[in-house]
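Novice: I'd like to ask some things about the structure below.
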There are 4 protein chains.
Amino acid sequence: MPLNIAVVVGSLRAESYNRQLAEALVRLPAAEGHAFTFADIGSLPLYDQDDDRDQAPGVKDLKALISGSDGVLFVTAEYNRSIPGLLKNAIDHASRPYGQSAWAGKPAGVIGVSIGAIGTALAQQHLRNVLAYLDMPTLTQPEAFIGWKDGLLNPDGTVGEGSAEFLGGWMTAFLGLVEVHKG
Amino acid sequence: MPLNIAVVVGSLRAESYNRQLAEALVRLPAAEGHAFTFADIGSLPLYDQDDDRDQAPGVKDLKALISGSDGVLFVTAEYNRSIPGLLKNAIDHASRPYGQSAWAGKPAGVIGVSIGAIGTALAQQHLRNVLAYLDMPTLTQPEAFIGWKDGLLNPDGTVGEGSAEFLGGWMTAFLGLVEVHKG
Amino acid sequence: MPLNIAVVVGSLRAESYNRQLAEALVRLPAAEGHAFTFADIGSLPLYDQDDDRDQAPGVKDLKALISGSDGVLFVTAEYNRSIPGLLKNAIDHASRPYGQSAWAGKPAGVIGVSIGAIGTALAQQHLRNVLAYLDMPTLTQPEAFIGWKDGLLNPDGTVGEGSAEFLGGWMTAFLGLVEVHKG
Amino acid sequence: MPLNIAVVVGSLRAESYNRQLAEALVRLPAAEGHAFTFADIGSLPLYDQDDDRDQAPGVKDLKALISGSDGVLFVTAEYNRSIPGLLKNAIDHASRPYGQSAWAGKPAGVIGVSIGAIGTALAQQHLRNVLAYLDMPTLTQPEAFIGWKDGLLNPDGTVGEGSAEFLGGWMTAFLGLVEVHKG
């Protein structure tokens with residue numbers, strides 16, 4: 001069954017390694033037949049609870065995307081040993097107003113790439129705490145702490161040969177989790 | 001010796017409990033004689049590494065404030081079991097470009113208020129990981145997980161009688177840490 | 001369908017609040033018809049990787065209990081803002097040798113009681129990171145950060161009236177998760 | 001001024017990478033002139049609060065060692081994405097009874113080695129939360145997430161050439177922190 005997956009990339013840099021990784025992931029053979037829609041989180045305002053009753057159009061769009069999805073794929077950079085503020089800001093927006101979170105119940109996958117893989121591991125450790133609170137069943141294993149290296153991606157932006165098996169297996173596991181929760 | 005303290009409040013809501021707490025803290029007798037300047041983090045853009053060479057005026061102002069301070073007082077809300085995206089966004093901005101972080105070496109205090117005190121405790125657990133990476137010696141004890149309650153603050157915005165001793169002791173400990181590092 | 005649940009209590013104190021809570025939880029109406037077996041983690045040695053090929057009888061018993069269960073209920077104290085060493089020691093034992101973890105794939109619930117509920121919340125934030133690595137799908141919501149108070153338990157050790165609905169709902173959610181994974 | 005440093009190694013394996021690293025660290029030129037005493041945490045019982053009034057001899061020894069030290073060097077393995085239970089057990093013991101923690105105020109350094117360096121990074125992220133609660137001013141930078149590799153240590157157990165500068169700098173920074181707090 002084709003699944004609708006929302007993709008949230010935790011980096012705004014044009015040449016972001018994580019954006020490149022996200023775009024490669026959705027082109028994996030394991031992802032074929034499913035629909036992946038990238039969320040636009042870069043144009044959101046900073047979250048202010050006073051706006052809860054009148055959410056910005058971008059926030060409404062984000063919430064509609066998440067609500068209409070079968071699962072959420074987080075591909076995130078790490079800044080300062082935690083998740084980027086810009087990603088947390090998007091999470092905070094779509095979790096509000098209280099009781100109307102768009103995230104609740106959506107299965108999630110967490111993956112990321114950083115130089116040396118340590119950074120993304122530390123960020124993911126925090127992100128998992130957040131996703132648990134948001135009531136998002138999150139893929140446990142395999143963990144995906146990707147270290148950036150030559151050949152991770154091919155020049156055409158697809159996943160390189162050396163990483164295809166691992167990343168393909170990860171995608172299959174993630175989509176399997178989403179499938180189970182779609183029921 | 002009078003100390004210059006930058007105050008960073010992790011909430012934009014006008015009636016924010018944490019803003020109220022921050023404004024009460026700097027009016028404590030223990031704070032007298034020191035200068036507290038509130039950072040404006042609500043007008044910052046979302047952090048984008050592509051802007052590192054041309055930081056927005058608000059980012060430059062934040063960095064100048066932090067760089068010119070003797071220490072930083074974080075008073076933070078909790079959203080979704082971690083620190084607010086808007087606070088992390090400010091932290092990310094002032095930590096960049098690589099090698100030019102404004103936070104490095106500045107002593108820090110972490111405090112916050114939430115309904116039931118659990119939320120702020122969980123957010124502070126993550127924030128401490130970030131501050132360690134930023135090379136900020138951070139007050140260890142006393143912890144300050146404040147639960148919002150009637151009488152925490154007086155109608156005139158000062159700290160209520162029942163909390164004056166604890167919060168005054170906390171402020172004294174924080175300023176003592178800053179003093180030590182000013183040397 | 002009757003479920004076999006292994007119960008792991010993170011405290012050895014005879015009058016431990018968490019042991020009392022655990023014993024009350026398994027007597028909830030919501031738990032009726034299911035089998036709960038308490039693990040003995042207090043007689044385990046300290047984990048030493050050199051013993052991986054010759055695990056102590058207590059370790060083998062623990063692994064057999066976990067392997068034979070449909071799910072695991074963790075009821076844990078907090079020491080020093082994380083999980084007790086004795087609980088982590090049990091987790092470490094049953095995760096070994098490499099590739100022969102007894103925890104893998106077992107659904108888990110995490111609950112705990114502490115004075116003020118802050119302690120257990122902080123410990124659970126760490127425990128969730130561990131359980132994710134152990135490949136244990138863990139109940140996300142409702143969170144169960146229980147504050148010890150008069151009336152939490154009745155004199156006969158059952159759950160008090162004021163907490164019966166919340167704890168009963170929590171148990172139902174946990175058993176529902178286990179049921180789903182039993183398939 | 002010669003400093004007394006207690007060394008706590010979070011692994012019991014005889015050939016433990018972390019024990020090897022610890023023994024190499026104290027032989028660095030930067031460590032010369034200071035006294036390093038290794039704590040024996042492998043013979044401690046599992047912590048049971050009921051024993052608080054009658055702590056085991058090994059616990060008393062550990063507390064005496066820590067109390068008599070100027071600072072504590074933690075060299076820790078990672079198990080299951082957090083600190084080993086055996087290390088946490090030692091920390092729990094020496095923090096008790098309530099109000100008589102041996103750790104309070106002692107400056108600390110945290111370092112560790114694991115395959116790939118990711119494991120130790122994740123464990124250290126948790127350990128820092130614990131040390132903050134224990135009121136231990138902890139070295140912030142440089143972080144020391146060491147990846148095990150050929151040549152990290154020489155055949156005679158000293159630090160290899162390629163790592164001598166980084167590890168020497170780390171030791172100097174740690175001892176500098178201890179010195180400051182000794183006053």
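The values are calculated or read from the model by the stated rules, or taken from the named source; none is laboratory data. Please read all numbers here as calculations on a predicted model, not as lab measurements. Methodologically, a virtual Cβ is constructed for each residue, glycine included, from the backbone with ideal geometry; neighbour enumeration extends over all protein chains shown.
Novice: If only one of B:81, B:53 is among the charged types (D, E, K, R) and at the interface with another protein chain (Cβ under 8 Å from one of its Cβ atoms), which one is it?
Specialist: Numbers: B:53 fails: at the interface with another protein chain (Cβ under 8 Å from one of its Cβ atoms).
Going through B:81, B:53 in turn, just one is among the charged types (D, E, K, R) and at the interface with another protein chain (Cβ under 8 Å from one of its Cβ atoms): B:81.
Novice: Which residues, counting only those in region D:1-18, are modelled with pLDDT of 95 or more and within 18 Å of residue D:178 (Cα to Cα)?
Specialist: D:2, D:3, D:4, D:5, D:6, D:7, D:8
Novice: Also: Looking at region B:81-101, I want the residues that are at negative phi and have a partner that is β-branched (Val, Ile, Thr) with Cβ atoms under 6 Å, at least 6 apart or on another chain. Which pairs are those?
Specialist: Once the first residue is at negative phi and sits in region B:81-101, its partners that are β-branched (Val, Ile, Thr) give B:82/A:130; B:83/B:76; B:87/B:76; B:90/B:41; B:93/B:59; B:94/B:66.
A quick yes/no check of all residues on (1) within 28 Å of residue C:130 (Cα to Cα); (2) touching a helix residue (DSSP H, G or I) at 6+ places or on another chain (Cβ under 8 Å):
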position	(1), (2)
D:105	no, yes
D:112	yes, yes
D:125	yes, yes
D:144	yes, yes
D:150	no, no
D:162	no, no
D:176	no, no
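Novice: Another question, if that's okay. Report yes if some residue within region C:132-144 is under 18 Å from residue C:19 (Cα atoms), over 15 Å from the mean Cα position of the chain (by Cα) and modelled with pLDDT of 95 or more; otherwise report no.
Specialist: No: zero hits.
Novice: Pick from C:168, C:160: which is more than 14 Å from chain A (Cβ to nearest Cβ) and under 17 Å from the mean Cα position of the chain (by Cα)?
Specialist: One residue alone meets the criteria, C:168.
Novice: So, in region B:93-118, exactly how many residues are crowded, with 24+ Cβ neighbours inside 10 Å and within 12 Å of chain A (Cβ to nearest Cβ)?
Specialist: Of the residues in that region, 2 qualify.
Novice: Mind listing whichever residues of region D:20-63 are among the small types (Gly, Ala, Ser) and within 22 Å of residue D:154 (Cβ to Cβ)? Outline the logic, then answer.
Specialist: So in region D:20-63, the residues among the small types (Gly, Ala, Ser) come out as D:22, D:24, D:30-31, D:33, D:35, D:39, D:42-43, D:56, D:58.
Hits for region D:20-63 are D:22, D:24, D:30, D:31, D:33.
Novice: Pick from region C:14-42 the residues that are touching a residue at least 60 places away in the same chain (Cβ under 8 Å) and within 14 Å of chain D (Cβ to nearest Cβ): which of them is farthest from residue C:175 (Cα to Cα)?
Specialist: So the residue we want is C:16.
Residues checked against (1) touching a helix residue (DSSP H, G or I) at 6+ places or on another chain (Cβ under 8 Å); (2) of a type in the set (Lys, Arg); (3) at pLDDT 95 or above:
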position	(1), (2), (3)
D:20	no, no, yes
D:28	yes, no, yes
D:33	no, no, yes
D:60	no, yes, yes
D:65	no, no, yes
D:72	yes, no, yes
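Novice: State the number of residues belonging to region B:128-147 that are within 13 Å of chain A (Cβ to nearest Cβ) and farther than 16 Å from residue D:139 by Cα.
Specialist: 0
Novice: Name every residue in region A:58-69 that is surrounded by 15 or more Cβ atoms within 10 Å (Cβ to Cβ) and outside any loop (DSSP other than H, G, I, E, B), in order of residue number.
Specialist: Taking region A:58-69 and keeping what is surrounded by 15 or more Cβ atoms within 10 Å (Cβ to Cβ), we get A:58-59, A:61-63, A:65-67, A:69.
Hits for region A:58-69 are A:58, A:59, A:61, A:62, A:63, A:65, A:66, A:67.
Novice: Here's a follow-up. Out of curiosity, is residue C:121 under 24 Å from residue A:130 (Cβ atoms), in a helix (DSSP H, G or I), out of contact with any Phe, Trp or Tyr (no Cβ under 9 Å at 6 or more places or on another chain) and of a type in the set (A, V, I, L, M, F, W, C)?
Specialist: no
Novice: Hey, can you tell me all the residues within region B:130-176 that are within 30 Å of residue A:121 (Cβ to Cβ) and outside any loop (DSSP other than H, G, I, E, B)?
Specialist: B:130, B:131, B:132, B:133, B:138, B:145
Novice: Residue B:78 passes all but one of (1) modelled with pLDDT of 95 or more; (2) at negative phi; (3) surrounded by fewer than 24 Cβ atoms within 10 Å (Cβ to Cβ); which number fails?
Specialist: Here residue B:78 clears every test but (3).
Rundown of residues vs (1) surrounded by fewer than 21 Cβ atoms within 10 Å (Cβ to Cβ); (2) over 15 Å from the mean Cα position of the chain (by Cα), yes/no style:
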residue	(1), (2)
A:8	no, no
A:15	yes, yes
A:37	yes, no
A:41	no, no
A:48	yes, yes
A:52	yes, yes
A:56	yes, yes
